[in-house]
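Here's the structure, in structure tokens; my notes come after.
The values are calculated or read from the model by the stated rules, or taken from the named source; none is laboratory data. Quick caveat: nothing in here was measured; it's all calculated off a predicted structure. Quick reminder, even Gly has a Cβ in these numbers, built from the backbone with ideal geometry, and neighbours come from all protein chains shown. Side chains are part of the model used for accessible areas, which takes the heavy atoms of the whole protein and leaves out ligands, DNA and RNA. Shrake-Rupley method; radii C 1.70, N 1.55, O 1.52, S 1.80 Å.
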Amino acid sequence: MDLLHHTMNVTLSTIQDVFPIVAIIFGFQWLVIRRPIHNIKRVIAGIVYVVIGLALFLVGLEEALFPLGEVMAKQLTDPAFIYGKAVEGLYTIHWQDYVWVYLFAATIGFSTTIAEPSLIAVAIKANEVSAGAVGVWGLRIAVAIGVAIGISLGTYRIVTGTPLHYYIITGYVFVVIQTIYTPKNIIALAYDSGGVTTSTVTVPLVTALGLGLSETVPGRSPLMDGFGLIAFASLFPIITVMGYAQLSHWRTLRSRSRLQAKGG
Amino acid sequence: MFGTSLRDLMPIILVIAFFQFLVLKQPIPNLGNLLVGTVFVVVGLSLFIRGLNMALFPLGETLAYDFARKGSVFWLLVFAFALGFGTTIAEPALIAVADKAAEVAAVGGMIVDEVTARQEYATGLRITVALSVGIAVVIGVLRILRGWPIQVVIITGYIAVMVMTIFAPKEIIGIAYDSGGVTTSTITVPLVTALGVGLASSIKGRNPMTDGFGLIALASLTPMIFVMAYGMFF
């Protein structure tokens, strides 16, 4: 009964989210473009699918994964787990003690990104537009690796308390250098993959991890140090997607030159 | 149909099982809830992908074609702004971040620590971010029309972020950097992507691969600049 009630509520709030978008699109379609929408019945059915699908997805996450993920984030960052049960009073922090936290950050970042609906959407589109040159799975895995690196580096930053902007600006410099050497047609897609990684699945889990860490690591405050993981998760996929493009570009070049060598 | 979604979800299940059983060495609490929730997630994701191909992609594309045929740059830009602003202002993730930012500002002494002051600050921040996303989509659409290279636009944005970081109050930087990631929701991303790709393929001389993407990148960059500016002036 409770679940039903909750599902209704989430469906209503999803409709609220979708409403302004639908209003803007149909408003412009009728008032400015003044042409009927092609296949309107199918489009409306599709919007219903999107709303119900998203609502079920969110309810499922809230019922199952988020509570468990949050509890796990709390337990993994708990000093009692990290330093053993006999911790009392003062202790010094070593960043090496948090290895399980970094590993959890990386694996949870990777796996939630694989299930991220907006990334699936962009990957489908990119595959279609590139006539199959960009693989749906290739792109998703490249982005997921980026998020994994980003989030575990982000947790390392919270543990050590180093300033956020050093990392981000270094990342930017990296992106700029890579942009010079990456195949031109992948650049826009790579930049986009930064923004799509962080929506429904990743943000709540990652936020819980950041808050759990900054609450338990001595000298950190959740208010000042809890932020920044999302920024990491949106920067590193740009680097890995360009890396993936460079790698596959380089491999085609090599196999081509090998073929030529054989032929000559 | 559900098989694909189950496969998409498998890594999460494996990670949770690994840490729960082998690292934390604890049983799964509320196994029933977990199973029901997983079924919901799988069914929901499958329906969403279905609706994506039936509604969001075709809508974004036909709009792009229709605007290109109509040939009115003005209305296209008005639409771009409305889409960016309208989808961001109500975004739940943004509302959460804005409230958090108001808390930081109050603790940091940038505003008076009162409920009304906090609410005003949070609302102002939300409008700022929504404006910045609206402007981002306008710039992004202009870029597709004119064929400006994406890297020039984005790297200019990066430089702006770096410069702003020097001048912005320290407390706001973390929130500003995070706000870039939270603005693009699950419904906006497919729609905006289809719009960009549709525009680039219906305009002569544009390549959907090099010119069609990039709108999301801009929409996640401008909020960082605008939020830092907001932190400096309020």
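Checking each residue of the range B:86-97 against the condition of being of a type in the set (S, T, N, Q) and over 17 Å from the mean Cα position of the chain (by Cα) gives no match.
Listed residues A:Ala188, A:Ala233; which is without any contact (Cβ under 8 Å) to a residue 24 or more places away in the chain and buried (at least 24 other Cβ atoms within 10 Å of the Cβ)? I'd like the intermediate steps shown before the answer.
Values: A:Ala233 fails: without any contact (Cβ under 8 Å) to a residue 24 or more places away in the chain.
Among A:Ala188, A:Ala233, only A:Ala188 is without any contact (Cβ under 8 Å) to a residue 24 or more places away in the chain and buried (at least 24 other Cβ atoms within 10 Å of the Cβ).
Do we have A:Arg254 as modelled with pLDDT of 85 or more, more than 9 Å from chain B (Cβ to nearest Cβ) and more than 30 Å from B:Ala102 (Cα to Cα) here?
yes
Tell me whether the range A:147-167 contains one or more residues that are free of Cβ contacts under 8 Å to residues at least 40 places away in the same chain and either more than 13 Å from chain B (Cβ to nearest Cβ) or open to solvent by 70 Å² or more (accessible area, probe 1.4 Å) (or both). Can you show your working first?
Of all residues in the range A:147-167, those free of Cβ contacts under 8 Å to residues at least 40 places away in the same chain come to A:162-163, A:165-166.
Filter once more, so that each one left must be either more than 13 Å from chain B (Cβ to nearest Cβ) or open to solvent by 70 Å² or more (accessible area, probe 1.4 Å) (or both): A:166.
Yes, that holds for at least one residue.
Out of A:Phe26, A:Phe66, which single residue is within 10 Å of another protein chain (Cβ to nearest Cβ) and in contact with a Pro (Cβ under 6 Å, 6 or more places away or on another chain)? Only one candidate passes the filter, namely A:Phe66.
Among the residues in the range B:3-22, are any in a helix (DSSP H, G or I) and either touching a residue at least 40 places away in the same chain (Cβ under 8 Å) or in contact with a His (Cβ under 8 Å, 6 or more places away or on another chain) (or both)? Step through it out loud before you land on a result.
Step one: filter the range B:3-22 for residues in a helix (DSSP H, G or I), giving B:3-22.
The next check asks that each one be either touching a residue at least 40 places away in the same chain (Cβ under 8 Å) or in contact with a His (Cβ under 8 Å, 6 or more places away or on another chain) (or both); those that pass are B:4-5.
Yes - at least one qualifying residue is present in the range B:3-22.
Among the residues in the range B:178-193, are any over 20 Å from the mean Cα position of the chain (by Cα) and surrounded by 24 or more Cβ atoms within 10 Å (Cβ to Cβ)? Scanning the range B:178-193 turns up no residue that is over 20 Å from the mean Cα position of the chain (by Cα) and surrounded by 24 or more Cβ atoms within 10 Å (Cβ to Cβ).
Is it the case that some residue within the range A:47-59 is at the interface with chain B (Cβ under 8 Å from one of its Cβ atoms) and either within 13 Å of B:Phe19 (Cβ to Cβ) or modelled with pLDDT under 80 (or both)? Checking the range A:47-59: not a single residue is at the interface with chain B (Cβ under 8 Å from one of its Cβ atoms) and either within 13 Å of B:Phe19 (Cβ to Cβ) or modelled with pLDDT under 80 (or both). Please note which helices (runs of 4 or more DSSP H) are completely contained in the range A:102-186 and include at least 1 residues that are under 19 Å from B:Leu9 (Cβ atoms) and within 18 Å of the chain's Cα centre (by Cα). Result: A:117-129, A:136-160. Looking at the range B:22-38, which of the residues that are open to solvent by 90 Å² or more (accessible area, probe 1.4 Å) and among the aliphatic types (A, V, I, L, M) is farthest from A:Val201 (Cα to Cα)? The selected residue is B:Leu22.
Selection over the range B:154-184 of residues that are hydrophobic (A, V, I, L, M, F, W, C), free of Cβ contacts under 8 Å to residues at least 40 places away in the same chain and facing chain A (nearest Cβ under 8 Å) gives a count of 2. Might you let me know whether the range A:191-204 holds any residue that is surrounded by fewer than 24 Cβ atoms within 10 Å (Cβ to Cβ), more than 26 Å from B:Ser5 (Cβ to Cβ) and out of contact with any Leu (no Cβ under 7 Å at 6 or more places or on another chain)? No, the range A:191-204 has no match at all.
Here is a check on your reading of the model: is A:Ser214 of a type in the set (S, T, N, Q), buried (at least 18 other Cβ atoms within 10 Å of the Cβ), in contact with a Pro (Cβ under 8 Å, 6 or more places away or on another chain) and in contact (Cβ under 8 Å) with a residue 12 or more places away in the chain? Yes: the conditions hold for A:Ser214.
For the range A:9-53, which residues satisfy the criterion of being under 18 Å from B:Ile49 (Cα atoms) and of a type in the set (Ser, Thr, Tyr)? Passing the criteria: A:Thr11, A:Thr14, A:Tyr49. Here A:Asn127 clears all of (1) closer than 25 Å to B:Ile166 by Cβ; (2) of a type outside the set (A, V, I, L, M, F, W, C); (3) surrounded by fewer than 24 Cβ atoms within 10 Å (Cβ to Cβ) except the condition numbered (1). Taken over the range A:219-250, the criterion of being more than 14 Å from chain B (Cβ to nearest Cβ) and either touching a Gly at 6+ places or on another chain (Cβ under 8 Å) or not in a helix (DSSP H, G or I) (or both) is satisfied by A:Gly219, A:Thr240, A:Tyr244, A:Ser248. Filtered by the rule that a residue be assigned to a helix (DSSP H, G or I) and touching a residue at least 24 places away in the same chain (Cβ under 8 Å), the range A:196-210 gives A:Val196, A:Thr202, A:Val203, A:Pro204, A:Leu205, A:Val206, A:Ala208, A:Leu209, A:Gly210. One residue alone among B:Ala122, B:Ala55, B:Ala101 is surrounded by 15 or more Cβ atoms within 10 Å (Cβ to Cβ) and touching a Leu at 6+ places or on another chain (Cβ under 6 Å), and that residue is B:Ala101.
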